[in-house]
Amino acid sequence: MADLFVALPPVTEYNAVIFGKNSNRPASEIQDVIYCPAKDYTAGEKVKCTYVEIDQVTHTHAVILSKPSWMWGAEMGANDQGVAVGNAPVWTKLNGPNDLELKLLGTDIVRLSLERASTAREALEVITQLLARPGQGGPCTNEAGKDGWCFHNSFLMADGTEAWLLETAGTFWVAEKITEGVRNCSNELSIRTKMDLTSPGLVEEAKKLGLYSEDMGDFDFNATFCAQSQIANFPDNNTSFRYRHGKEVMDKVISTGKFRYQDMFKILRDEEGGICMMDGGFITAGSQVSVLLPKSSSSSNVHWFTGTPNPATSIYKPFFFGPGASIGNVTVSPTCEDGEEPKERGHALYQGHKKLCKLMDTQEEKGHCILAQLMELEKNCCEDVDEIIVNYDESSFPKLKQIFQHMATMEINFYV
């Protein structure tokens with residue numbers, strides 16, 4: 001489950017492309033934030049994804065990722081080339097038992113695209129190649145009793161110039177290019193007749209499957225492949241409402257002024273509209289907002305992550321790519337070499353945030369007082385980052401290279 005958003009010039013502050021995602025996952029799952037530096041490989045090397053090995057490329061970009069701790073892939077992330085990518089589960093008429101065959105998870109594809117692509121368009125090309133071979137498939141959770149949970153994927157990718165929405169039904173896909181304004185997607189196919197790119201022979205293949213004929217009118221990807229019956233039966237489903245509400249709140253923001261990254265924070269914290277999920281079997285396990293500037297800009301992109309569940313009770317912490325960038329290990333869950341479950345599940349920031357949530361339940365006034373102080377910390381950080389964006393100087397990067405770790409450590413200190 002997920003909600004993805006993108007806002008582009010001319011409606012945005014700083015002439016930036018602003019990307020946002022809430023990752024809604026099983027409530028028992030923990031989401032890490034990790035940083036992987038750029039790396040070179042020799043020809044013939046392999047990379048082990050969650051379930052399968054594939055050929056490695058000779059160079060991978062530096063990436064920051066928000067990922068379920070148990071899997072290799074990532075729900076969302078960004079790279080040092082100024083690309084941000086996230087996925088959303090979708091259910092189509094082509095879903096079936098074969099989806100459990102061990103291939104690439106949508107999250108694996110997100111990570112691979114970030115490691116390999118220098119632009120949003122390149123990310124689309126990487127993804128469509130991977131959809132063709134080895135393809136998408138496999139159980140999408142390791143939670144007991146849910147090993148049959150699998151789906152197809154939509155992908156939203158953005159850079160400082162444009163965004164692309166790629167929606168899939170098995171190996172079939174369609175892509176929409178977004179160059180201005182706002183766009184969002186949730187957990188159902190949303191591309192209808194505006195198709196800028198498609199998988200080879202898409203319409204003819206749909207005809208062969210008996211899903212489309214010319215007497216039905218113009219080919220509509222949503223109408224052809226969307227499985228409304230499966231969506232309706234999915235636990236905690238309010239997909240169509242979340243999609244409509246997300247569009248409404250984005251349109252409302254741009255009707256009153258420029259869209260800011262702080263507006264994206266607010267949208268991702270929207271509990272009333274279901275965008276921020278905290279009740280039921282699925283919760284918002286992690287959240288990301290990226291500010292992507294044009295290549296011509298002399299400033300730096302900035303990527304914000306919560307690293308904790310529920311953005312309404314979490315703060316966003318900034319990250320900048322550059323020489324010596326690091327986030328430390330406070331958002332990396334412990335592991336055991338023998339494969340056993342660690343005694344303490346979840347990273348240090350997660351454990352601290354869990355204390356806050358408990359405090360808000362048992363000592364409401366004290367808990368809300370701490371949350372108010374944390375929100376003030378975030379507000380002050382935003383003011384500093386705004387100053388950095390406007391007056392960025394590469395010589396000041398040494399002060400920024402550990403800013404995410406610094407903010408996360410300060411947050412943990414509130415929980416002690």
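The values are calculated or read from the model by the stated rules, or taken from the named source; none is laboratory data. Only a predicted model underlies this, so the values are computations on that prediction, with no experimental measurement involved. Quick reminder, even Gly has a Cβ in these numbers, built from the backbone with ideal geometry, and neighbours come from all protein chains shown.
The table below lists the values:
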item	result
Matching option when the condition is among the acidic types (Asp, Glu) and surrounded by 22 or more Cβ atoms within 10 Å (Cβ to Cβ), among 101, 75	75
Residue that is surrounded by the most Cβ atoms within 10 Å (Cβ to Cβ) [pool: residues in segment 153-200 that are farther than 27 Å from residue 249 by Cα and not polar (S, T, N, Q)]	169
Condition met for residue 90 (among the aliphatic types (A, V, I, L, M), under 20 Å from residue 295 (Cα atoms) and crowded, with 22+ Cβ neighbours inside 10 Å)	no
Matching residues in segment 178-190 - criterion: being under 21 Å from residue 150 (Cα atoms) and part of a loop (DSSP other than H, G, I, E, B)	186, 187, 188, 189, 190
Qualifying residues in segment 336-374 (those that are of a type in the set (A, V, I, L, M, F, W, C) and surrounded by fewer than 11 Cβ atoms within 10 Å (Cβ to Cβ)) - the one modelled with the highest pLDDT	372
Long-range neighbours under 6 Å by Cβ, at least six apart or interchain, first residue of a type in the set (Val, Ile, Thr) within segment 186-207, second part of a loop (DSSP other than H, G, I, E, B)	193/218; 193/220; 203/219
Neighbours by Cβ (under 8 Å, 6+ apart or cross-chain): first from segment 361-372, part of a helix (DSSP H, G or I); second among the charged types (D, E, K, R)	367/361
Segment 376-393: number of residues that are in a helix (DSSP H, G or I) and surrounded by 11 or more Cβ atoms within 10 Å (Cβ to Cβ)	11
Condition check for residue 387: modelled with pLDDT of 95 or more and within 16 Å of residue 319 (Cβ to Cβ)	no
Selection status of residue 50, assigned to a helix (DSSP H, G or I) and either among the β-branched types (Val, Ile, Thr) or surrounded by fewer than 19 Cβ atoms within 10 Å (Cβ to Cβ) (or both)	no
Exclusive hit being over 29 Å from residue 145 (Cβ atoms), out of contact with any strand residue (DSSP E or B) (no Cβ under 6 Å at 6 or more places or on another chain) and of a type in the set (Ser, Thr, Tyr), set 335, 362	362
Where a residue in segment 49-66 is over 17 Å from residue 85 (Cβ atoms) and its partner, wherever it lies, is of a type in the set (D, E, K, R) and part of a strand (DSSP E or B), with Cβ under 9 Å and at least six apart	53/46; 54/46; 54/48; 55/46; 56/46; 58/40; 59/39; 59/40
Positions within segment 354-383 being under 20 Å from residue 330 (Cβ atoms), in contact with a helix residue (DSSP H, G or I) (Cβ under 7 Å, 6 or more places away or on another chain) and not aliphatic (A, V, I, L, M), in sequence order	355, 357, 373, 381
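Results for (1) at pLDDT 95 or above; (2) more than 23 Å from residue 293 (Cα to Cα); (3) hydrophobic (A, V, I, L, M, F, W, C), shown as yes or no for each residue.
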| site | (1), (2), (3) |
| --- | --- |
| 204 | yes, yes, no |
| 210 | yes, yes, no |
| 214 | yes, yes, no |
| 225 | yes, yes, yes |
| 233 | no, yes, no |
| 238 | no, yes, no |
| 248 | yes, yes, no |
| 258 | yes, no, no |
| 267 | yes, no, yes |
